[in-house]
Amino acid sequence: MITTFRRRSARALAVYALSAALVAGGSTAASAAPTPTPSMTHRAASVTVHASPTTVKAGQQVRFTGRTAAGIRIGASVRLQHETNGKWTTLKTNPTVKEGNSYALTTRPTTKGTQHYRVMVGKTHSSTVTVTVQ
């Protein structure tokens with residue numbers, strides 16, 4: 001009976017020691033693993049746009065420049081869009097993303113007033129840029 005008690009106690013002690021080692025080792029392994037940070041996660045594709053000049057006379061040229069990032073390939077088509085009555089329409093331009101992830105294009109707005117533009121590369125679009133046409 002004492003032998004059975006010793007065996008059970010020895011097993012219980014072994015299970016306890018193994019459990020404690022696994023818990024301690026598991027928490028150490030978990031804390032050693034890096035936690036994802038924004039720089040380690042996949043960034044979404046992006047495109048920027050800048051207009052120059054931002055105030056023009058009707059028919060005067062406006063140059064749009066910008067950069068792309070995160071998965072937009074060199075040679076991708078860049079589309080200039082103009083907002084009319086709350087809808088975006090694509091203007092007839094045909095620039096592409098160049099070496100260094102940059103692009104440049106021009107247009108000559110003829111409608112007077114505040115005009116809103118953006119660029120699209122694939123399904124990714126830039127923020128809106130405003131041009132005042134006098």
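The values are calculated or read from the model by the stated rules, or taken from the named source; none is laboratory data. All values derive from a computational prediction rather than experimental measurement. Counting neighbours? That spans all protein chains shown, and the Cβs are built from the backbone with ideal geometry, glycine included. Calculation scope for accessible area: heavy atoms of the full protein, side chains included, ligands and nucleic acids excluded. Shrake-Rupley method; radii C 1.70, N 1.55, O 1.52, S 1.80 Å.
List of remarks:
- Taking residues in segment 39-51 that are among the basic types (Lys, Arg), and partners anywhere that are surrounded by 10 or more Cβ atoms within 10 Å (Cβ to Cβ) and at pLDDT 60 or above, the pairs with Cβ atoms closer than 9 Å and at least 6 places apart or on different chains are Arg43/Ala69; Arg43/Ala70; Arg43/Gly71.
- Restricting segment 34-54 to residues that are at pLDDT 55 or above, hydrophobic (A, V, I, L, M, F, W, C) and outside any strand (DSSP E or B), the residue that is nearest to Thr68 (Cα to Cα): Ala45
- Enumeration of residues in segment 114-130 that are exposed (fewer than 13 other Cβ atoms within 10 Å of the Cβ) and either farther than 22 Å from Lys57 by Cα or without any contact (Cβ under 8 Å) to a residue 24 or more places away in the chain (or both): Thr114, Lys123, Ser127
- The set of residues in segment 96-113 being open to solvent by less than 30 Å² (accessible area, probe 1.4 Å) and assigned to a loop (DSSP other than H, G, I, E, B) consists of Val97, Pro109.
- Filter pass, Thr93 being part of a loop (DSSP other than H, G, I, E, B) and without any contact (Cβ under 8 Å) to a residue 40 or more places away in the chain: yes
- Taken as a whole, the structure places Val133 among residues that are in contact (Cβ under 8 Å) with a residue 12 or more places away in the chain, of a type in the set (A, V, I, L, M, F, W, C), in contact with a strand residue (DSSP E or B) (Cβ under 7 Å, 6 or more places away or on another chain) and farther than 16 Å from His50 by Cβ.
- Counted residues, segment 115-134 - those being at pLDDT 95 or above, in a strand (DSSP E or B) and either of a type in the set (Ser, Thr, Tyr) or more than 18 Å from Pro95 (Cβ to Cβ) (or both): 6
- Within segment 56-95, the set of residues being modelled with pLDDT of 95 or more, open to solvent by 70 Å² or more (accessible area, probe 1.4 Å) and under 15 Å from Thr110 (Cα atoms) comprises Lys57, Gln60, Gln61, Arg63.
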